[in-house]
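Here is the structure we will look at, set down as structure tokens.
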Amino acid sequence: MVQDRTGEVSEAEIAVHWQEEAYIRQPKTFVDQANLTDPAIFDRFSLDKFPDCFKEYADLLDWYKPWDVTLDTSNPPFWKWFKGGRINASYNCVDRHLAKYKNKTAIHFVPEPEHEAIQHITYQELFVRVNEVAALLRDFCGLNKGDRVTLHLPMVAELPITMLACARLGVIHSQVFSGFSGKATGDRVVDSESRVLITMDAYYRGGQLLDHKEKADIAFDEAMRDGVTLEKVLVWQRHPGRYSAKTALVEGRDFIVNDVLQLFRRRRVDPVEMLAEDPLFLMYTSGTTGKPKGCQHSTGGYLAYVAGTSKYIQDIHPEDVYWCMADIGWITGHSYIVYGPLALGASSVVFEGVPTYPDAGRPWRIAEELDVNIFHTSPTAIRALRRAGPDEPAKYHYHFKHMTTVGEPIEPAVWRWYHSAVGKGEAVVVDTWWQTENGGFLCSTVPAIHPMKPGSAGPGVPGIHPIIYDNDGNEIPPRSGRAGNICIQNPWPGIFQTIWKDPDRFVQTYYARYCKDPNSKDWRDWPYFANDGALQASDGYYRILGRIDDVINVSGHRLGTKEIESASLLVEEVSEAAVVPARDEIKGKTPDLYVSLKPGLKASDELRKRIEDSVVREIGAIARPRRVVIVPDMPKTRSGKIMRRVLAAISNNEDAGDISTLANPEVVAEIQQMKR
Ligand code: WTA
């Protein structure tokens, strides 16, 4: 059993432990057309061929100047991949495809309202639009290489267009998930010291046209309070030519992108030649402490890694229609909606809406209309679609050759429905394990080589060499089925470079724990610690058990328990707060929030509501607790530590275990009684 260092509840402890499942073979039709069928790849990418093996991925890209050193390890663990190489990501995702594919769709934008036409944006049109936006960013906003901009855009074509325009200039984009609050956006503006915020007036979600611009106003004010004044707020119009938000524009600060773009028609911007190790973007993610971490990803290494894994694990060919239903506001969308598929010249679908709106047949109608043949989503979405419309996929004429599940463990029963109903038994399924920090996949079956096994991710992908350690740093014997902390022995090109402005935390969180020698310049001494529990079965497949730190994986999205606790502590009456993961049929996990009040204060529904509102305001609706339980006192150890393990057991209707060592064991029964 995996435990975190404090001995408190870990995700792994409460993870569902299912049985080993039988293999399922991939269809021959898939193997016959696959990009990667030769198991010799694992010899080419073995540890003794490291790091030069990754040339194979970098060669998928066009470089202005080839690199001098494949991997520079002179300052561990700040690795530099393809050092000396010069490249531009926007050029690789757009310009270089024009000769062959200018008339081919790059992005299919599917609006949520079904009466609104799907937009098919060709590579030529993408080229024109990316150039015009890049010209606007450079000449209207004065943005230069190395500047940061925060994007708070919904799932619309303007999001990848804006990202690629930034990449063209070497401007570092930091896209914040559109469901996050204005406050959360403002915090990220401050941390990244962004000069410009780019947003949209409104977008459709669940049948509503939501005012989104109002969040930009909150973000601006929050950032200013913390000492960062945005120079401009750029606002795209969801319906070009019409402003769809109720929130007024601030004179001299807010600009409608669609209007300003008129000044930049037909403008071309030469892509800036970037060093491979120049940052491409920041992606904020939750960690153990309250503050989200800005994961800094490189240009050359990152792009090489997402291109390689898109080709071999996603099996993307240029003629495929590829649909990843994640949000571009998360790393999955960056790597496997935008950069990976477009680097390969594929057609990538961007869907604005909720998968189950107006009904659970919607995704399958889209798949039929666009003739999607590669599909990628999360267990949460699969569970929701299965519950709302188990028989819907059969009603539509689409055929997937390949499907992905990502972001959280998937139960075998859900996996089987995905395979048989959604995939019609014709598609190969990959369960890909990785993290925001990693850039791309770490563990997965190679779809034409390994058989599928429901509930298990698979072996390390080519060039990734996992190892499992116990808490004392001893290696857990390979293939023993024993759980421990999964690490990766070697660096890889997609690994993030650092935490923005916090290199110490970067080293502490990911490398200090299992570093063999802090003075060593040999990468072999610096295993990457993923902060996940895992086991390796006798066949070499890894099963991921979940986080061992204070992170709750809600619908495949990482939320820091400390962030939610801090948000509730902003309510004056609250004295202490503890967040624990409660099992949820659809979302996998959901936060339960326990709070105690300052002396003399009474619980009320009004107070519970205010606490809940504070969490939504600070972080976003995604963090809304399932329940806010106001307890007379927190269960505590004699040294005064809150026993989250006991609260988690209560939330999940489990036996609270041995509570005799608590300072106040009587409170446990009281809290159990209170559960509404
Ligand atoms: C979890 C998402 C089981 C894991 C790409 C990891 C998974 C965290 C899987 C990262 C999977 C991701 N099976 N668990 N296939 N994929 N996870 O940063 O706990 O949003 O550490 O990146 O999700 O979440 P993140």
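The values are calculated or read from the model by the stated rules, or taken from the named source; none is laboratory data. These numbers come from a predicted model, not from an experiment. With ideal geometry, Cβ positions are generated from the backbone for all residues, glycine too; neighbour counts draw on all protein chains shown. These accessible areas exclude ligands, DNA and RNA; they are computed on the full protein's heavy atoms, side chains included. Shrake-Rupley method; radii C 1.70, N 1.55, O 1.52, S 1.80 Å.
So the values come out like this:
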item	result
The chain - percent of accessible surface contributed by carbon and sulfur, probe 1.4 Å	49
Spatial separation of Cα centroids for the range 77-150 and the range 581-635, in angstrom	41
Peptides 440-451, 391-402 ordered by average Cβ neighbours within 10 Å, highest first	440-451, 391-402
Size of electric dipole in the chain: Cβ of Lys, Arg +1 and of Asp, Glu -1, about Cα centre, debye, nearest 20	560
Whole-Hz couplings from phi, Karplus 6.51/-1.76/1.60, listed for the range 184-198; x for Gly and Pro	4, 5, x, 4, 6, 4, 5, 4, 8, 6, 6, 8, 9, 10, 10
Given charges at Cβ of Lys, Arg, Asp, Glu: the chain dipole, positive-most of L143, V190, N75	L143
Hits among aspartates and glutamates - C-alpha to C-alpha of K395 under 12 Å, sequence gap 8 or more where chains match	E368
Relative contact order for the range 413-526, counting Cα pairs under 8 Å that sit 6 or more residues apart, in percent	17
Listed residue (W364, N490, G540) projecting farthest to the positive dipole end of the chain, Cβ model	W364
Surface accessible to a 1.4 Å probe, E572 within the full protein complex, Å²	140
Rounded to whole Hz, the Karplus (6.51, -1.76, 1.60) HN-Hα couplings of the range 282-290, x for glycine and proline	10, 9, 7, 9, 7, x, 5, 8, x
Efficiency of FRET from Cβ geometry, R225 and K145, R₀ 25 Å, rounded to 0.05	0.30
Signed unit charges on C-beta, dipole axis of the chain, positive-most listed residue L662, A165, Q262	Q262
Amide H within-cut-off set for T445, under 5 Å, with H built and near neighbours excluded	D431
5 angstrom amide H check on F351, placed H, neighbours 5+ away	V110
Rounded if a/c under 1.5, otherwise prolate or oblate - the range 444-599, Cα gyration tensor axes	oblate
Violating pairs (Cα-Cα greater than 26 angstrom) within the set K562/K589; K80/K100; K83/K521; K80/K516	K80/K100
The range 48-182, accessible area per residue, ligands and nucleic acids excluded (1.4 Å, Å²)	32
Relative contact order (%) - the chain, alpha-carbon pairs under 8 angstrom, separation at least six	14
Amide H partners (placed H, <5 Å) of T404, local residues excluded	F375, H376, T377, V430
Spin-label pair D470/L570, simplified geometry with 7 Å Cα→Cβ offset, distance in nm	4.4
Spatially proximal aspartates and glutamates relative to K291 (Cα-Cα < 13 Å; intrachain offsets below 8 disregarded)	D187, D191, D502, D550, E563, E565, E618
Count of lysine pairs in the range 181-264 with Cα separation under 14 Å (8 or more residues apart, or interchain)	5
Lysines with Cα under 29 Å of K102, excluding same-chain neighbours fewer than 8 positions away	K55, K65, K145, K311, K401
Shape call, the chain: gyration tensor on alpha carbons, a/c limit 1.5	rounded
Å² of accessible area per residue within the range 398-525, as computed with a 1.4 Å probe and no ligands counted	31
I24/V69 FRET efficiency (R0 41 Å; Cβ-Cβ; nearest 0.05)	0.45
